[in-house]
Amino acid sequence: MSEQTITGAQSLVKSLEAAGVENIFGIPGGAILPAYDPLMDSTIRHILVRHEQGAGHAAQGYAAATGRVGVCMATSGPGATNLVTPIADAHMDSVPMVAVTGQVGTDLIGTDAFQEADIRGITMPITKHNFLVTDAADIPQKIAEAFHIASTGRPGPVLVDVTKSALQSQTAFRWPTELQLPGYRPVTKPHAKQIREAVRLMLASKKPVLYVGGGTIRSGASAELRKLADLTGIPVVTTLMARGAFPDSHPQHLGMPGMHGTVSAVAGLQKSDLIISLGARFDDRVTGQLTSFAPNALVIHADIDPAEIGKNRRADVPIVGDIREVLLDLIAVLEQERAAGRESDYEAWITFCAGMKKAYPLGYDNTLDGLAPQYVLQRLGQIAGPEAIYTSGVGQHQMWAAQFIGYERPNTWINSGGLGTMGYSVPAAMGAKVGCPDTTVWSIDGDGCFQMTNQELATCAIEGIPIKVAVINNDSLGMVRQWQTLFYNERYSNTNLQKHGGGAGTVRRIPDFVKLADAYGCVGLSCESPDDVDATIEKAMAIDDVPVVVDFRVNKNAMVWPMVAAGASNDAIQYARDLAPKFEEDDI
């Protein structure tokens, strides 16, 4: 009896089903169209977005919220190139994602055919790996490999570009029983010698800090981190990508380090004698001027990606491995040392860090007229609670959300950290809500970011994805305006998103976000008084059947503090304009 044959398109859909895909975000087009026919009969839910960038960011939000691989789909040429930004974003933030794109027929490749683009070449620097599939028989193997690569080791995006001719060819479906990926063997188990050396440094240290990065969340290691912190008493800082990895309410938590981090977190790193880096990468927004960063600290650098270790800061003890495995081994050896009567005394250091935290808490200028954006986000976090998921774009609203909302658990703060993508928040919230339908999901966005991808509100309304959006509306490109205030003598070149000069009477806001929300089938609310903030948030929280957009009209002069100017030393941190904390003279 001859083996039954199916089309390559059917094989692609069956492969995605075999890989465990439940949701795809995408838009059909000519080259990928053969795959959309069998998709109609699949158990996979396809969510028709309004722009391919929305598909990519939704896949990211889905992956970040659930820990599963997010999937997006687009056609060749402009469809595929519209995925470039989310692919780059996923690469920077280590998000497991598979992008499936159609490609022109094999015979047309290289002829400048209609809607042809070398998406494999374009995305090679920003993918963990990518494939061009020209033979239908290869589809199951390449899809299986793509999902394995995306989700193992350091997670990241993988692109699978499939020619239209492969999708239309006849083939036999065979899901692979084993994967052949010579050269790809991520090290997950750390070397025992490195663990012992790390523990030796920890016991010898007087001023250690646990510097926790996004890799701790990707590893699912929050419980192990908490156990290590409780066991040792070592202060903890969590980067922008690691918010929620360690509870904000924990007394050892010093907050977020870096350019807009807390004074206590920045001081903790600067004054430390040992940095225990867990899935962090010493990026410029954390270190400031690299030559002056934590000048007296030795470094234990644990990361699953060996390329990150020593890239920016020399590691005295490099540890390659999965962060959860690293933490488990550190805890085991530390417990053995404690049983033998060997442990360190950090009492003076803990007292210093607690004193910094008390002396320089996060705050804001509440003397400005109108609505303070920090107050809005503080109340939003308190009313929606730590069980909600919060997504963010990039800019002032992102920093305020990271600062003034309390995060108690991992995977509840989802933002564009490395690439800093405007327009990330709304589609990421959509993806997170699809992955966690019973969880409240708030998209926190600026009025500039919101206007880049708000068309996905239509997708949310039509597909029954009731996200909530808080637009922190200051009529400006706020973070750029803040830099113009501080560094460009208040010359506000092209950061005013509203009317430019002249005109009498009432200022008309363009667009009116409440009317825009209504046009998209959502509920639109507005708030411009502190007295109405709680009632407005509670009204939004009470609506569960459709998306809600709240236009919070805030004072445009509000700024993000603390701040370390770009390229400056972290020692130059200011907690308000021209106000610097005093921690340099303290001798611990």
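Skipping prolines and chain starts, which residues have an amide H placed within reach, meaning under 5 Å, of the one on ILE24, given they are 5 or more residues away or on another chain?
Excluding prolines and chain starts, which carry no amide H, the hits are ARG45, HIS46, ILE47.
Heavy atoms of the protein only, probe of 1.4 Å, neighbouring chains included. What is the accessible area of ARG481 in Å², nearest 10?
Looks like 30 Å² after rounding.
Say the cut-off is 27 Å between C-alpha atoms; which of LYS206/LYS357; LYS311/LYS582; LYS358/LYS468; LYS189/LYS433; LYS357/LYS468; LYS128/LYS468 go over it?
With Cα atoms farther than 27 Å apart: LYS311/LYS582; LYS358/LYS468; LYS189/LYS433; LYS357/LYS468; LYS128/LYS468.
Among VAL394, VAL104, what's the order by accessible area (1.4 angstrom probe), most exposed first?
Correct descending sequence by accessible area is VAL394, VAL104.
When DSSP assigns beta bridges and you keep just the ones with both residues in the chain, what percent turn out antiparallel, to the nearest 5?
Bridges in the chain are about 5 percent antiparallel.
Could you pull the accessible area for TYR62 with a 1.4 Å probe, rounded to 10 Å²?
So the heavy atoms of TYR62 present about 10 Å² to solvent.
Helix-derived [θ] at 222 nm for the chain: sum -39500 (n - 2.57) over DSSP H runs of at least 4, divide by residue count, nearest 500?
-10500 deg cm²/dmol
Would you kindly calculate the mean projected area, averaged across all directions, of the convex hull enclosing the Cα atoms of the stretch 154-250, in square nanometres?
Directional mean of the projected Cα hull area for the stretch 154-250 stands at 10.8 nm².
Under a Cβ-only charge scheme (Lys and Arg +1, Asp and Glu -1), can you give me the dipole magnitude of the chain about the Cα centre, in debye to the nearest 20?
For the chain, the charge dipole is close to 700 debye.
Cα centroid distance between the stretch 370-417 and the stretch 103-123, in Å?
A separation of 42 Å, based on Cα centres.
Per-residue accessible area for GLU224 at 1.4 Å probe radius, Å² rounded to 10?
20
For an R0 of 25 angstrom, estimate the FRET efficiency from the Cβ-Cβ distance between ALA580 and GLN382 and round to the nearest 0.05.
0.25
Heavy atoms only, 1.4 Å probe, whole protein assembly: order LEU278, LEU48 by accessible area, highest first.
Most to least solvent-accessible, the answer reads LEU48, LEU278.
Would you pull out the residues with amide H under 5 Å of GLY244's amide H, same chain only if 5 or more places away, H placed 1.01 Å from N?
For GLY244, whose amide H was placed from the backbone, there are no distant partners under 5 Å.
Dipole magnitude of the stretch 18-115 about its Cα centre, charges +1 at Lys/Arg Cβ and -1 at Asp/Glu Cβ only, in debye to the nearest 20?
Using only the charged Cβ atoms, the result is roughly 240 debye.
Calculate I(q)/I(0) for the chain by the Debye formula, one identical point scatterer on each C-alpha and no solvent, and give its log10 at q = 0.05, 0.08 Å⁻¹ to two decimals.
-0.23, -0.58
Sorted by accessible area with a 1.4 angstrom probe, largest first, how do TYR575, TYR390 fall?
TYR575, TYR390
The values are calculated or read from the model by the stated rules, or taken from the named source; none is laboratory data. Remember, predicted model here, so these are calculated numbers, not experimental data. No Cβ is skipped: glycine too gets one built from the backbone with ideal geometry, and neighbour counts run over all protein chains shown. With ligands, DNA and RNA removed, areas are computed over all heavy atoms of the protein, side chains included. Shrake-Rupley method; radii C 1.70, N 1.55, O 1.52, S 1.80 Å.
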